[in-house]
Amino acid sequence: MNVWVMTLKKIRTVELFAGVGGFRLGLEAASDKFDFIWANQWEPYKKEQYAFDCYTAHFGKSNNHVCEDIAKVRDDVPEHELLVAGFPCQDYSIMKKNSLGIEGSKGALWWQLDHIVRNKRPSYILLENVDRIIRSPAKQKGRDFSIILRCLYESGYAVEWRVINAADYGQAQRRRRTFIFAYRNDTELFKRLAENVCKRGLKSMHEYVVSDAILAKAFLVQGHDRIYTDQWIDEMIYPEVCDISNDLKVEFYNSGVMMNGRIYSVDVIPKKEPFVPIKNILETGTIDEKYFLKDEDMAKWIYSKGAKLEKRRRRDGSTYYFTEGAVKFPEPMDMPSRTILTSESKVGRTSHVVTDLQTGRLRTLTPKECERLNGFPDDWTNTGMPENMRYFCMGNALIISIVKRIGFIIAKISSFN
Ligand SMILES: C[S@@+](CC[C@H](N)C(=O)[O-])C[C@H]1O[C@@H](n2cnc3c(N)ncnc32)[C@H](O)[C@@H]1O
């Protein structure tokens, strides 16, 4: 095969907010077409950069692996075809700064990503965020996600999204994440969808979401609910992004598409695949004593996991009743885990407590087990960081095989073949 053709087949990929490299691991496992040419990861204001060190321990030290605030290096991003990013979920509201432009709230990192998209205009963009991004903020549901869609619309992209619960698709963790895939208006994907929407309107948007979308091909759907959203976010109704920020509330469902400023969204029902129970990923050998629950912490564990009905006092002195239900303690071993958070293993309600396979005693998860729940190779984060940071990095990370499934479909896009 001629070398020039081989070069064309590579998908130059840039990874932002790279963490310990979940996107890279997943996409490289899907296809060798993904050529990671630049990555950025920086933990704000920390002297030690453990996630970045882990990234370079596996993918090498290079001038193209940059540990710096993205705001400072956003114009150094090279030309590329695919941009991937698990960007932090923040408040994306904006206000008008002056006649010259707009200003994002609290310097939210979305605006850095938006700047890069507007300037580099990669053919494809794959983003990941928490499931609540489609609903936030609570006081103006759907505002932040509408802002993201509007920005991508202004940059000339169509967008599809799906909230994926990994346990529905064969994983050992009930981790729900929103995946967002966008394609530029000169790609075949965009043109085909645009033509269909132009001819058949909302019906074709529905068909796309449930069966033809990249994310629907990666994660099959067996049905959908009857309620849907049909909403315009274009400049005819909202002249500027800040008008969306000020006024718009949208009910977004777990899947949807935005084409030429029109949004269709519906709750799809996943075609479930058998999950992996948590007991299958537990370490089997002798576990270090430090992971076992200590007698002196037992009262705290029982309290934090238990049901509560407590009279509490607000700052202004008024009182209210705080209630919450009990959570399973220990975890049911035949079920997938709940979502691992950055605080995993600390005494508290959200940390997992499992029954040790060898001794039958109660213990927390080991860092290796958290890596397994996310599908990382064992000891991926054992690159010199303290254990609490290993939990932290896994709490932030992606589930590798979920990314791999998306990567597998992206690699089949005709322009890459
Ligand atoms: C949700 S995590 C992404 C995790 C990643 N997908 C993985 O699999 O490990 C977001 C990452 O953005 C990084 N980050 C936060 N602020 C940043 C900034 N200003 N510049 C660059 N990276 C930043 C955080 O350190 C964190 O690792």
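Any residue at all in the range 128-137 that's surrounded by 20 or more Cβ atoms within 10 Å (Cβ to Cβ) and farther than 24 Å from Asp247 by Cβ? Checked the range 128-137: at least one residue is surrounded by 20 or more Cβ atoms within 10 Å (Cβ to Cβ) and farther than 24 Å from Asp247 by Cβ.
Checked against the criterion of being in contact (Cβ under 8 Å) with a residue 60 or more places away in the chain and over 14 Å from Arg143 (Cα atoms), the range 226-233 has no qualifying residue. May I ask you to list the residues in the range 36-63 that are open to solvent by 60 Å² or more (accessible area, probe 1.4 Å) and more than 10 Å from the ligand (Cβ to nearest atom)? Passing the criteria: Lys47, Glu48, Asp53, Ala57, His58, Lys61, Asn63. Does Ser204 count as in contact (Cβ under 8 Å) with a residue 12 or more places away in the chain, more than 30 Å from Met335 (Cα to Cα) and surrounded by 17 or more Cβ atoms within 10 Å (Cβ to Cβ)? Criteria not met by Ser204. Residues that are more than 18 Å from Ser401 (Cβ to Cβ), open to solvent by 10 Å² or more (accessible area, probe 1.4 Å), in contact with a His (Cβ under 7 Å, 6 or more places away or on another chain) and modelled with pLDDT of 95 or more: does the range 214-222 have at least one? No, the range 214-222 has no match at all.
Total residues in the range 354-385 satisfying the condition of being of a type in the set (Ser, Thr, Tyr) and in contact with a Lys or Arg (Cβ under 6 Å, 6 or more places away or on another chain): the figure is 1. Pairs linking a residue in the range 147-163 that is at negative phi to a residue that is part of a helix (DSSP H, G or I) and among the hydroxyl-bearing types (Ser, Thr, Tyr), with Cβ atoms under 7 Å and 6 or more positions apart or on different chains, are Ile147/Ser245.
When Thr350, Thr381 are checked against the criterion of being free of Cβ contacts under 8 Å to residues at least 24 places away in the same chain, β-branched (Val, Ile, Thr) and at negative phi, Thr350 stands alone in meeting it. All conditions but one from (1) at pLDDT 95 or above; (2) basic (Lys, Arg); (3) more than 11 Å from the ligand (Cβ to nearest atom) apply to Lys10; the one that does not is (1).
Residue-by-condition table, conditions (1) open to solvent by 70 Å² or more (accessible area, probe 1.4 Å); (2) under 30 Å from Ala194 (Cβ atoms); (3) polar (S, T, N, Q); (4) not in a strand (DSSP E or B):
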| residue | (1), (2), (3), (4) |
| --- | --- |
| Val250 | no, yes, no, yes |
| Tyr253 | no, yes, no, yes |
| Met258 | no, yes, no, no |
| Ser265 | no, yes, yes, no |
| Val268 | no, yes, no, no |
| Thr284 | yes, no, yes, yes |
| Asp297 | no, no, no, yes |
| Lys300 | yes, no, no, yes |
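Do we have Arg24 as at pLDDT 95 or above, within 14 Å of the ligand (Cβ to nearest atom) and open to solvent by 10 Å² or more (accessible area, probe 1.4 Å) here? In short, yes. If the requirement is being within 10 Å of the ligand (Cβ to nearest atom), of a type in the set (A, V, I, L, M), within 21 Å of the chain's Cα centre (by Cα) and surrounded by 19 or more Cβ atoms within 10 Å (Cβ to Cβ), which of these qualifies: Ala85, Ala71? Selected residue: Ala85, the only one of Ala85, Ala71 that is within 10 Å of the ligand (Cβ to nearest atom), of a type in the set (A, V, I, L, M), within 21 Å of the chain's Cα centre (by Cα) and surrounded by 19 or more Cβ atoms within 10 Å (Cβ to Cβ).
Among residues of the range 302-327 that are farther than 28 Å from Val354 by Cα, those with a beta-carbon under 9 Å from a residue that is open to solvent by less than 100 Å² (accessible area, probe 1.4 Å) and basic (Lys, Arg) at least six positions away or on a different chain give the pairs Thr319/Arg312; Tyr320/Arg312; Tyr321/Arg312.
Is the range 386-393 home to any residue that is more than 26 Å from Ala57 (Cα to Cα) and out of contact with any Lys or Arg (no Cβ under 8 Å at 6 or more places or on another chain)? Within the range 386-393, none of the residues are more than 26 Å from Ala57 (Cα to Cα) and out of contact with any Lys or Arg (no Cβ under 8 Å at 6 or more places or on another chain). The conditions of being within 30 Å of Lys368 (Cα to Cα), open to solvent by 20 Å² or more (accessible area, probe 1.4 Å) and assigned by TED's automatic domain parsing to the domain that holds Ala158 are met by Arg174. Does Pro78 satisfy the condition of being surrounded by fewer than 17 Cβ atoms within 10 Å (Cβ to Cβ) and modelled with pLDDT under 95? Answer is no for this residue.
Residue count for the range 198-248 satisfying the condition of being within 22 Å of Pro270 (Cβ to Cβ), outside any helix (DSSP H, G or I) and of a type outside the set (Asp, Glu): 11.
The values are calculated or read from the model by the stated rules, or taken from the named source; none is laboratory data. These figures come from a predicted structure and were not determined experimentally. When we count neighbours, we look across all protein chains shown, and the Cβ atoms used for this are built from the backbone with ideal geometry, even at glycine. Calculation scope for accessible area: heavy atoms of the full protein, side chains included, ligands and nucleic acids excluded. Shrake-Rupley method; radii C 1.70, N 1.55, O 1.52, S 1.80 Å.
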